[in-house]
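Engineer: Just passing along the structure, written as structure tokens.
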Amino acid sequence: MIHFSQVTKRYANGYEALKRVSFTIERGEMAFLTGHSGAGKSTLLKLITLIERSTRGQIIVNNKNLAKLRRSRIPHLRREIGVVFQDHKLLDDRTVFDNVALPLVVAGLGHQDTSRRVRAALDKVGLLGKEKLYPITLSGGEQQRVGIARAVANRPSLLLADEPTGNLDAELSNEIIGLFQHFNQHGVTVLVATHERRHIHRLNKRVLELKNGELIHGGDPQR
Amino acid sequence: MSAYVLRQLQVLVSSLGEFARTPWATILTVGVIGITLALPTLLYILVTNAEQVTSGWHGNAQISLFLNSDTDTERTGAVVARIRDHDKVDQARVITAEQALLEFKQLSGFGRALDMLPDNPLPTSIVVIPHKDAVTPAELQKLVDELTKLPGIDAAQLDMEWVQRFRVILSLASRTIVVLSVLLALAVTFIISNTIRLAVLGRREEIEIIKLIGGTDRFIRRPFLYSGTLQGLLGAIAAVILIVLIVQLLNGPVTVLAKLYDSGFRLIGLTAPEMLGVCAIGGGLGWLASRWSVGRHLAEIQPT
């Protein structure tokens, strides 16, 4: 599903965020990406969704070689990937329903299908009945669940999460991780970036650990 | 396909809703565009009307033919008959040398002095009024050339300088309109692209999020294109309404003036196709301006 081979990312100011990173995540797998802040977790996720492009090395996502993906095809790649952000990135002037519907509207889905899928996604995260509310009136945990509903609304085969439990207390963050587990059990490949070791120990899933841009645990053997 | 059409309609409705939410800003923008489009259109109407008026002035063009001094009355009659037969000639009238001298004595005030001349120095002449079909300067010039070749004709003079000058002024005005239209079209483009620029920057966060979840540039562009095109179109409609009002306002005095000249002339306003043309230009400029503006600013907004 995700394959990194000797990937290096150097920013324009010369800073090397990732150094020769190689790993593979199989279809249907769930993995944690961990490391201190600044270790390169966010950069790695940005490379997968082509928010950034790698400086060197090969990245294959869902059988697509990202280096060869034209700019005009990027939106289509992103539609196959659901992303959950630490700061939710919800639109405050739109209802919960409209926020969750956005990826479906963007993908050109019909009105009825959109409505059905939005309700299904909200049902999964336990927010059915709050679709007419505005995000600002919801608690932090609820907002994050709206974000998750939006990420899965278009039924992506890959789900990425960047510090999804960053601002939540232990109980809420357990709930959120539980949701990812649930989606993984239904066949979605999940990669969660987090610096909270608690979940990692609790769930016994595969762990990729970054340190100063180098993958020190869970990577492919060096060739 | 029907989902696509539905989506377009949704965007259209939401653009109109956006205008309704900010009525004051919309009125200002549409008003400025309306006035800007009305200016060249009004000039266009004035020139078309002026052309209409002068096209009825062919009677003012008259040709004077001067005969050789040795042409006698009989041969003069023959020449006049041939001139009257010409299909481009409406009337031809002979002014004999004696009549001319008499008229000149009366008008010039040299009566006594002229009496002292041994001979009448003036030639017999024929005043020709061209037919209504021969209106353009080129046609008139051709007629003059043909008449000059007739036997007994010494020289010809075309009295239409005034009409000609007026025509030149009109063609100058037409060209001014073209230049002015281009400038004002640019102004409309700038106005619309600026409002679109503000709209794009105001929705920066939304655009970033839409890009993150797989929205194409085309999808993001669409509402802005609708908004810009609608602004242009509404501005054009405002311009048409303005023009109709102005023509109404001017028609009273113009009719009175025309009556003083014994004319039934009335100002001609915009025809229906011309109104549609103004709307098409307004909408087209709106589309171009928003396309240009969104294209410039969309590339700058990238998710981080």
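The values are calculated or read from the model by the stated rules, or taken from the named source; none is laboratory data. Here the structure is a predicted model, which is why all the values come from computation and not from measurement. Note: ideal-geometry Cβ built from the backbone for every residue, glycine included; neighbour counts use all protein chains shown. Remember, those area values only see protein heavy atoms, side chains included, never the ligands or the DNA or RNA. Shrake-Rupley method; radii C 1.70, N 1.55, O 1.52, S 1.80 Å.
Engineer: Quick one: how many residues across the range A:28-48 are open to solvent by 30 Å² or more (accessible area, probe 1.4 Å), more than 13 Å from chain B (Cβ to nearest Cβ) and in a helix (DSSP H, G or I)? Even if it seems obvious, please write down each step before you answer.
Structural biologist: Here is the first cut: in the range A:28-48, the ones open to solvent by 30 Å² or more (accessible area, probe 1.4 Å) are A:28-29, A:36-38, A:42, A:46.
Still in the running and more than 13 Å from chain B (Cβ to nearest Cβ): A:28-29, A:36-38.
Now restrict to residues that are in a helix (DSSP H, G or I): none.
Selection size over the range A:28-48: 0.
Engineer: Scanning for something open to solvent by less than 40 Å² (accessible area, probe 1.4 Å), part of a helix (DSSP H, G or I), away from every other protein chain (no Cβ under 14 Å) and out of contact with any His (no Cβ under 6 Å at 6 or more places or on another chain), does the range B:157-172 turn up at least one residue?
Structural biologist: yes
Engineer: Go through the residues of the range A:183-198 one by one and say whether even a single one is within 23 Å of A:VAL96 (Cα to Cα), touching a Leu at 6+ places or on another chain (Cβ under 9 Å) and not β-branched (Val, Ile, Thr).
Structural biologist: Checked against the condition, which is being within 23 Å of A:VAL96 (Cα to Cα), touching a Leu at 6+ places or on another chain (Cβ under 9 Å) and not β-branched (Val, Ile, Thr), the range A:183-198 yields at least one hit.
Engineer: Looking at A:ILE81, A:ILE51, A:ILE59 in this structure, which one is within 10 Å of another protein chain (Cβ to nearest Cβ), among the β-branched types (Val, Ile, Thr) and touching a Leu at 6+ places or on another chain (Cβ under 7 Å)? Please lay out each step first, then the result.
Structural biologist: Details: A:ILE51 fails: touching a Leu at 6+ places or on another chain (Cβ under 7 Å); A:ILE59 fails: within 10 Å of another protein chain (Cβ to nearest Cβ).
Going through A:ILE81, A:ILE51, A:ILE59 in turn, the sole match is A:ILE81.
Engineer: Hey, does the range B:284-293 have a residue that's in a helix (DSSP H, G or I) and within 30 Å of B:ALA50 (Cα to Cα)?
Structural biologist: The initial filter retains those residues of the range B:284-293 that are in a helix (DSSP H, G or I), namely B:284-293.
Restricting the remaining residues to those that are within 30 Å of B:ALA50 (Cα to Cα) gives B:284-285.
Yes: one or more hits.
Engineer: Please pick out the residue among B:LEU140, B:LEU102 that is in a helix (DSSP H, G or I), of a type in the set (A, V, I, L, M, F, W, C) and open to solvent by less than 30 Å² (accessible area, probe 1.4 Å). First the steps, then the outcome.
Structural biologist: On the way: B:LEU102 fails: open to solvent by less than 30 Å² (accessible area, probe 1.4 Å).
Exactly one of B:LEU140, B:LEU102 is in a helix (DSSP H, G or I), of a type in the set (A, V, I, L, M, F, W, C) and open to solvent by less than 30 Å² (accessible area, probe 1.4 Å), namely B:LEU140.
Engineer: Ok, one more. Scan the range B:217-236 and give yes if some residue there is without any contact (Cβ under 8 Å) to a residue 60 or more places away in the chain and touching a helix residue (DSSP H, G or I) at 6+ places or on another chain (Cβ under 8 Å), otherwise no.
Structural biologist: Step one: of the range B:217-236, the residues without any contact (Cβ under 8 Å) to a residue 60 or more places away in the chain are B:218-219, B:233.
From the residues that got through so far, the ones that are touching a helix residue (DSSP H, G or I) at 6+ places or on another chain (Cβ under 8 Å) too are B:219, B:233.
For the range B:217-236, residues without any contact (Cβ under 8 Å) to a residue 60 or more places away in the chain and touching a helix residue (DSSP H, G or I) at 6+ places or on another chain (Cβ under 8 Å): present.
Engineer: What are the residue pairs meeting all of these: first residue in the range A:125-140, first residue of a type outside the set (S, T, N, Q), second residue open to solvent by 70 Å² or more (accessible area, probe 1.4 Å), Cβ atoms under 6 Å, and 6 or more apart or on different chains?
Structural biologist: As it stands, the answer is A:PRO135/A:ASP92; A:ILE136/A:ASP92; A:GLY140/A:ASN167, since those pairs meet every condition given.
Engineer: Can you tell me which of A:ILE60, A:ILE74 is under 19 Å from the mean Cα position of the chain (by Cα) and assigned to a strand (DSSP E or B)?
Structural biologist: Exactly one of A:ILE60, A:ILE74 is under 19 Å from the mean Cα position of the chain (by Cα) and assigned to a strand (DSSP E or B), namely A:ILE60.
Engineer: So which residues in the range A:92-108 are within 15 Å of A:ILE148 (Cα to Cα), at the interface with chain B (Cβ under 8 Å from one of its Cβ atoms) and in contact with a helix residue (DSSP H, G or I) (Cβ under 6 Å, 6 or more places away or on another chain)?
Structural biologist: Once the filter is applied, which keeps residues that are within 15 Å of A:ILE148 (Cα to Cα), at the interface with chain B (Cβ under 8 Å from one of its Cβ atoms) and in contact with a helix residue (DSSP H, G or I) (Cβ under 6 Å, 6 or more places away or on another chain), the range A:92-108 yields only A:PRO103.
Engineer: List, please: which pairs have Cβ atoms under 8 Å, are six or more places apart or on different chains, and start with a residue in the range B:176-194 that is aromatic (Phe, Trp, Tyr) and end with one that is assigned to a helix (DSSP H, G or I)?
Structural biologist: B:PHE190/B:ALA289
Engineer: OK, next. Would you check if there is a residue in the range B:61-79 being part of a loop (DSSP other than H, G, I, E, B), of a type in the set (Lys, Arg) and over 27 Å from the mean Cα position of the chain (by Cα)? Show your work before the answer.
Structural biologist: From the range B:61-79, those part of a loop (DSSP other than H, G, I, E, B) are B:61, B:68-72; that's our starting set.
Within this subset, residues satisfying the condition of being of a type in the set (Lys, Arg) are none.
No; the residues of the range B:61-79 include none that is part of a loop (DSSP other than H, G, I, E, B), of a type in the set (Lys, Arg) and over 27 Å from the mean Cα position of the chain (by Cα).
Engineer: Same structure again: Does the range B:191-218 hold any residues that are open to solvent by 70 Å² or more (accessible area, probe 1.4 Å) and either β-branched (Val, Ile, Thr) or not in a helix (DSSP H, G or I) (or both), and which are they?
Structural biologist: Once the filter is applied, which keeps residues that are open to solvent by 70 Å² or more (accessible area, probe 1.4 Å) and either β-branched (Val, Ile, Thr) or not in a helix (DSSP H, G or I) (or both), the range B:191-218 yields only B:ARG203.
Engineer: Let me ask another. Just a yes or no: is a residue in the range B:15-33 buried (at least 18 other Cβ atoms within 10 Å of the Cβ), outside any helix (DSSP H, G or I) and either of a type in the set (Val, Ile, Thr) or free of Cβ contacts under 8 Å to residues at least 60 places away in the same chain (or both)?
Structural biologist: no
Engineer: May I ask you to say which residue of B:GLN62, B:GLN52 is within 26 Å of B:ILE177 (Cβ to Cβ), at pLDDT below 90 and out of contact with any Pro (no Cβ under 6 Å at 6 or more places or on another chain)?
Structural biologist: Details: B:GLN62 fails: within 26 Å of B:ILE177 (Cβ to Cβ).
Going through B:GLN62, B:GLN52 in turn, the sole match is B:GLN52.
Engineer: Additional query: Of all the residues that make up the range B:146-184, how many are of a type in the set (A, V, I, L, M, F, W, C) and over 30 Å from B:THR36 (Cα atoms)?
Structural biologist: First, the residues of the range B:146-184 that are of a type in the set (A, V, I, L, M, F, W, C): B:147, B:150, B:153, B:155-156, B:158, B:160, B:162-163, B:166, B:168-170, B:172-173, B:177-180, B:182-184.
After this cut, where a residue has to be over 30 Å from B:THR36 (Cα atoms) as well, the list is B:147, B:150, B:153, B:155-156, B:158, B:160, B:162-163.
Qualifying residue count for the region: 9.
Engineer: Within the range B:221-233, can one find any residue that is modelled with pLDDT under 95, exposed (fewer than 13 other Cβ atoms within 10 Å of the Cβ) and away from every other protein chain (no Cβ under 14 Å)?
Structural biologist: No, every residue in the range B:221-233 fails to be modelled with pLDDT under 95, exposed (fewer than 13 other Cβ atoms within 10 Å of the Cβ) and away from every other protein chain (no Cβ under 14 Å).
Engineer: Quick one: which residue in A:LEU104, A:LEU159, A:LEU122 is open to solvent by less than 50 Å² (accessible area, probe 1.4 Å) and not in a helix (DSSP H, G or I)?
Structural biologist: Values: A:LEU104 fails: not in a helix (DSSP H, G or I); A:LEU122 fails: not in a helix (DSSP H, G or I).
Of A:LEU104, A:LEU159, A:LEU122, the one residue that is open to solvent by less than 50 Å² (accessible area, probe 1.4 Å) and not in a helix (DSSP H, G or I) is A:LEU159.
Engineer: For the range B:1-14, which residues satisfy the criterion of being more than 13 Å from every other protein chain (Cβ to nearest Cβ) and either open to solvent by 60 Å² or more (accessible area, probe 1.4 Å) or more than 19 Å from A:THR114 (Cβ to Cβ) (or both)? Explain how you work it out, then say what you get.
Structural biologist: Applying the first criterion (more than 13 Å from every other protein chain (Cβ to nearest Cβ)) to the range B:1-14 yields B:12-13.
Scanning the range B:1-14 gives a single hit, B:VAL13.
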